[in-house]
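Each value in this text was obtained by applying a stated rule to the coordinates, not by laboratory testing. Values in this document were obtained by computation on a predicted structure and should not be read as measured data. Positions of Cβ are backbone-derived with ideal geometry, glycine not excepted, and every protein chain shown enters the neighbour counts.
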Ligand code: PMP
């Protein structure tokens, strides 16, 4: 295909004809190249990337050290299947993740390819260890698009529509959300009701919870909630699984967000930014739990591919060399302060929240010049995100009401680029509100 014929418009037409309709697309943009926190489309237009491939690019697009490590690996071997012929990078990555995961106990790791696969395997391992079947997840939670993970996912539209039935023995308790009127007590009460009415506690293998709900709207799990979940889990021999697919790999200021809990999960799932854009995922956890499935019970053809391992080891090195955990904190503080300031000029911003560099604003209709927390502004959010794209800023929305704009900018972005993105965000919000500059 002659590159002169590549325009966003004609690629959209080809895409519509060739690609399954169910594959969503946030923006009608086709990318030509990316570098750090910027991308250029096929028409050579530049964008500031605040979406980071949905939390995959903590080290930025095409980090030179990650690309170099992958190229080096490509020249040695690309695939053997770890279950057939093993290789050192898998073992080294497992060793590193075991050291990084919170908890003063021996740990082991299983590598896979995607976040959903990690969650699937965490459930398999929890069932094998506890010899119980039920799993309790939370409203607003998101865990992937495979059948089990869709079952665990709280939000129905658009993920689950038409795809059921999902594997049984999954129950949803309320996730605490003070902004929308669900206290920690209310959430724990809903869990108690499930254990009273729906499933005997002796049948529950695990609780699965995101430290910060990602797709659900960047709501941070209150520490007290996690402590109470941990206590309940301990009391009844239930495992606590932290789904850190979106929060992990340094996004929240620590390598795993659950390091900030003060209590350790038994199993952690991680993926996304782990390999800076190359597909790999992991389940890390208590050694005795991880060892419950017998030999041959876990794995997959591409699971823990050498290319993903090489990339992940390079990402870990970049985090050390560029002190990206501290940068994650700093980016979070910078964005938080600027967004709170923006909220004084844009009253529709009813909440600014997050953990580390996982930051979001929630938009509402206004009443008497103030955000009305009973009226989420989904249409305004959609317009602002579309307007931002036209102005050269890639944003992503999320949330159960579709009224949250989340920021997952590469941690390697400069302050100047963050500032540029924030100016574009504010201008886009004002334009979506019909305010002339
Ligand atoms: N769990 C969480 C918390 C996620 O955010 C996601 C992806 N958005 C997944 C699981 C699924 O990951 P993947 O898309 O890599 O399968």
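Ranked by the mean number of other Cβ atoms within 10 Å of their residues, highest first, the peptides 23-31, 284-292 come out as 284-292, 23-31. Cβ-to-Cβ counts within 10 Å put 161, 109 in ascending order as 161, 109, the fewest first.
A Förster radius of 41 Å combined with the Cβ-Cβ distance from residue 159 to residue 333 puts the calculated FRET efficiency at roughly 0.80.
Length available on full extension from residue 31 to residue 370: 0.36 nm per residue minus the Cα-Cα distance, which gives 118.2 nm. Mean residue ellipticity, 222 nm, helices only, the chain: the sum of -39500 (n - 2.57) across DSSP H runs of n ≥ 4, divided by residue count and rounded to 500, is -11500 deg cm²/dmol. Sorting the segments 83-91, 305-313 by their residues' average number of neighbouring beta-carbon atoms within 10 angstrom, most packed first, yields 305-313, 83-91.
Computed over region 77-321, the alpha-carbon pair-distance distribution with 5 angstrom bins reads 1, 7, 14, 19, 20, 17, 11, 6, 3, 1, 0, each value a whole percent.
Take the Cβ-Cβ distance between residue 147 and residue 202 as r, set R0 to 35 Å, and report the resulting FRET efficiency rounded to the nearest 0.05. Let's see the in-between values first.
Details: r = 25 Å, r/R0 = 0.72.
Efficiency at R0 = 35 Å is approximately 0.90.
Projecting label points 7 angstrom from Cα along Cα→Cβ for residue 23 and residue 86 puts them 3.6 nm apart. Diffusion of region 1-156 by Stokes-Einstein, at 20 °C in a medium of 1.002 mPa s and with Rh set to the Kirkwood radius over alpha-carbon pairs, works out to 108 µm²/s. Beyond 14 Å, the tail of the calculated P(r) for region 34-103 holds 73 percent of the Cα pairs. Here region 293-325 and region 363-437 have alpha carbon centers that stand 34 Å from each other.
Averaging 1/r across all pairs of distinct Cα atoms in region 208-345 and inverting the result yields a Kirkwood radius of 16.7 Å. Using a cutoff of 8 angstrom between alpha carbon atoms and counting only pairs six or more residues apart, the relative contact order for region 1-116 works out to 14 percent.
Zone of residue 317 (label point 7 Å along Cα→Cβ, backbone N under 20 Å): which residues in region 267-285? Residues 273-281 qualify, since their backbone N sits under 20 Å from the label point. Here the simple spin-label model places points 7 Å from the Cα toward Cβ, and for residue 179 and residue 345 these points are separated by 2.1 nm.
Sorting 81, 398 from the fewest to the most surrounding beta carbons within 10 angstrom yields 81, 398. Provide, in order from the shortest bin, the percent of all Cα-Cα pairs of the chain in each 20 Å bin, continuing until the bin that contains the maximum pair distance. All Cα pairs considered, the percentages come to 25, 58, 16, 0.
All Cα-Cα distances of region 286-432, cut into 5 Å bins from zero to the largest, leave 2, 9, 15, 17, 14, 10, 9, 9, 7, 6, 3, 1, 0 percent in each bin in turn.
When 147, 188 are ordered from fewest to most other Cβ atoms inside 10 Å of their Cβ, what list results? Display every interim value, and only then the final one.
Working: 147 15, 188 18.
In order of increasing Cβ crowding within 10 Å: 147, 188.
Take every pair of alpha-carbon atoms less than 8 Å apart whose residues are at least six positions apart; their mean separation over the length of the chain yields a relative contact order of 21 percent.
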